[in-house]
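What follows is a set of notes on a single structure, which appears directly below.
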Amino acid sequence: MRLLLSAALLLLSGPVLAESLVTENLVHETVLDNGMKVIVKEDHRAPIMVSQVWYKVGSSYEPDGFTGLSHALEHMMFKGTESHPPGEFSRIIAANGGSENAFTGRDYTAYFQTMSNDRLEISLELEADRMRNLTLPAEEFAKEIEVIKEERRLRTEDKPTGQLYEQFTALSYRSLPYANPVIGWMNDLEQMRVEDLAAWYRRWYAPNNATLVVVGDVEPQAVFQLARKYFGPLKQEQIPVLKPLREPPQKGEVRSVVKIPANEPYLLMGYKTPAATSAERPWEPYALEMLVAILDGGNSSRFSRNLVRGSEVAVSASAGYNAFTRLPGMLTLDGTPARGRDIGQLEKALREEIARLHSDPVTEEELERVRTQVIASKVFELDSVFYQAMEIGTLETIGLDWRLIDQYVEELKKVTPEQVREVAQRYLRDENLTVTLLQPLPMDDGKPVRSSTGGRHGS
């Protein structure tokens, strides 16, 4: 951590290190004739590479009655093509010393392999094959949908915080599809047919709706040549044009209570906030990120200092915000009251911390300390070739430009104490707030406790 903080301090003090972190000279991109974007970032520190294929489709694209389609299709992408029977994809990657998996989010679905740099062609050949040639056997779907329903039970229905988050999210959004769970509602999973998946696959899994990101010890022109060889022959699809979505203004605080068997109470609060894709003023998402770091940026943050160690009202308290989403999201606060304290006291303490941000600008000293920590974290993340690819893929898939990576640190350096107070006053208001409480009921000792681990694929 000392090295990371030193790097961050240098970054704050002058442009030399900042210029060395700029990715533009190391990133190369092209667009194939069929519309597929290919982005390559060189990182020659080790003879490895990560290859990721990102599709612009996730749970926020799904219509009512069809939730969970994107995640279910992710599972089926490992169930065989005309050239490779079920399980063959994973077997080939493992035989070549690689690892692979996939994840589904609200705004995207992505597939990745991490391998030796001389095995890139194998990765691209397999991904190109399953982009357009899935067989989607009905018998495989019948088995896999049961796996997905069990995954939902493990992650949500048998997990108190999972039930709380699902109710909170469904209550928070009036218009945006972020109200739906990524894994889907159980009724939709029960009604899902393999024909639904086939139509979804044909509609969205096409080269002109995908981005290939390769990061590692690779030569860009060689990657482009392989991409043209394997992805180039694939035909475009007519991709649906999405209408712009916006959440209507909230007119007052919304509250709910989840009463289920649980060991301890839990509190979740959320304020609707803009993302980098929707902010009226471009600096606001960066000010919100700094605000979250002030509240929950390590042991010296306000939550840790004032609520956990100071007043001891919380055993845990945290804050979260994601600036890079396709649609506007939320800034969330959550926590568990300490023994001998109740959830009302915890909520009062969290509200007091927000009120302080409204009334008193953070000091330059506190802001600089937090800024250093945030930048140090960014330096650490850039050490991973997988995370570098994740950043590029995320930005491109939600409709932004990967060059925002280069601007991120500079934008954080510009944030002022007054801007932090301004976004707090504008967005962290009671009429913009959703609150969900977990009220524990007695645990049923006779009921077996399920493991909280999920399946192999999916997120």
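Nothing in this text is a laboratory measurement; each read-out follows from the coordinates by a stated rule. A quick note: this is a predicted structure, and the numbers were derived from the prediction, not measured. All Cβ positions, glycine included, derive from the backbone under ideal geometry; neighbour counts span all protein chains shown.
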Test of the criteria: in the range 24-86, which trypsin sites (Lys or Arg not before Pro) are in a DSSP loop and have at most 14 other Cβ atoms within 10 angstrom of their Cβ?
Arg45
Just grab the label-to-label distance for Glu364 and Lys414, each label 7 Å out from Cα along the Cβ direction, in nm (one decimal).
2.0 nm
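Could you list the trypsin sites (Lys or Arg not before Pro) in the range 288-352 that lie in coil according to DSSP, counting only those with at most 11 other Cβ atoms within 10 Å of their Cβ? Write out the running numbers ahead of the final one.
Values: sites: Arg302, Arg305, Arg309, Arg326, Arg339, Arg341, Lys348, Arg351; in loops: Arg326, Arg339, Arg341.
Counting only loop positions with at most 11 other Cβ atoms within 10 Å, the trypsin sites (Lys or Arg not before Pro) in the range 288-352 are Arg339.
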Could you line up Asp188, Asp406, Asp107 from fewest to most neighbouring Cβ atoms inside 10 Å?
Asp406, Asp188, Asp107
Restricting to bridges with both residues inside the range 254-441, how much of the DSSP beta-bridge set is antiparallel, in percent to the nearest 5?
70 percent
When the distances between all Cα atoms of the range 25-230 are binned every 10 Å from zero, what whole-number percent does each bin get?
8, 32, 32, 21, 7, 0
Based on DSSP H assignment, which helices of the chain show an axial Cα extent of at least 20 Å together with a mean Kyte-Doolittle hydropathy greater than or equal to -0.5?
343-359
Sort the chain into rounded, prolate or oblate with this rule: let a ≥ b ≥ c be the square roots of the eigenvalues of the Cα gyration tensor; rounded if a/c is under 1.5, and if a/c is not under 1.5, prolate when a/b is larger than b/c, oblate otherwise.
oblate
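How would Leu331, Leu134 line up from fewest to most surrounding beta-carbon atoms within 10 angstrom? Don't skip to the end; give the middle numbers.
Details: Leu331 24, Leu134 21.
Taking fewest neighbouring Cβ atoms as first place, the list is Leu134, Leu331.
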Checking the a/c ratio against 1.5 first, then a/b against b/c, what shape does the Cα gyration tensor give for the range 395-443?
oblate
What stretch of the chain, leaving out the sites themselves, is the longest with no GluC sites (Glu not before Pro) in a DSSP loop having at most 15 other Cβ atoms within 10 Å?
83-252
With unit charges on the beta carbon (Lys/Arg positive, Asp/Glu negative), name the residue among Ala222, Thr156, Met115 whose Cα is farthest towards the positive pole of the charge dipole of the chain.
Thr156
Expected 222 nm ellipticity per residue - DSSP helices of 4 or more, -39500 (n - 2.57), all of the chain, to 500:
-12500 deg cm²/dmol
With an 8 Å cut-off on Cα pairs and a minimum separation of 6 or more residues, tell me the relative contact order of the range 25-230 in percent.
40 percent
Can you give the net charge of the other residues whose Cβ lies under 13 Å from the Cβ of Val182, counting K and R as +1 and D and E as -1?
-3
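Roughly speaking, what is the stretch gain from Phe380 to Met443, that is 0.36 nm per residue apart minus the C-alpha to C-alpha distance, in nm to one decimal?
18.5 nm
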Out-of-range pairs (alpha-carbon distance over 28 Å; input Lys378/Lys414; Lys348/Lys414; Lys159/Lys243; Lys79/Lys149):
Lys348/Lys414; Lys159/Lys243
Surrounding net charge for Phe89, when Lys and Arg each add one and Asp and Glu each subtract one, Cβ distance under 10 Å
-1
Coil-residue trypsin sites (Lys or Arg not before Pro) of the range 138-215, DSSP, other Cβ within 10 Å capped at 13
Arg174, Arg193
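Would you mind calculating the relative contact order of the chain from Cα pairs under 8 angstrom and at least 6 residues apart, reporting the percent as a whole number?
It comes to 24 percent, rounded to a whole number.
Which net charge results for the neighbourhood of Gly58, defined as the other residues with beta-carbon distances under 9 angstrom from its beta-carbon, given Lys and Arg at +1 and Asp and Glu at -1?
+1
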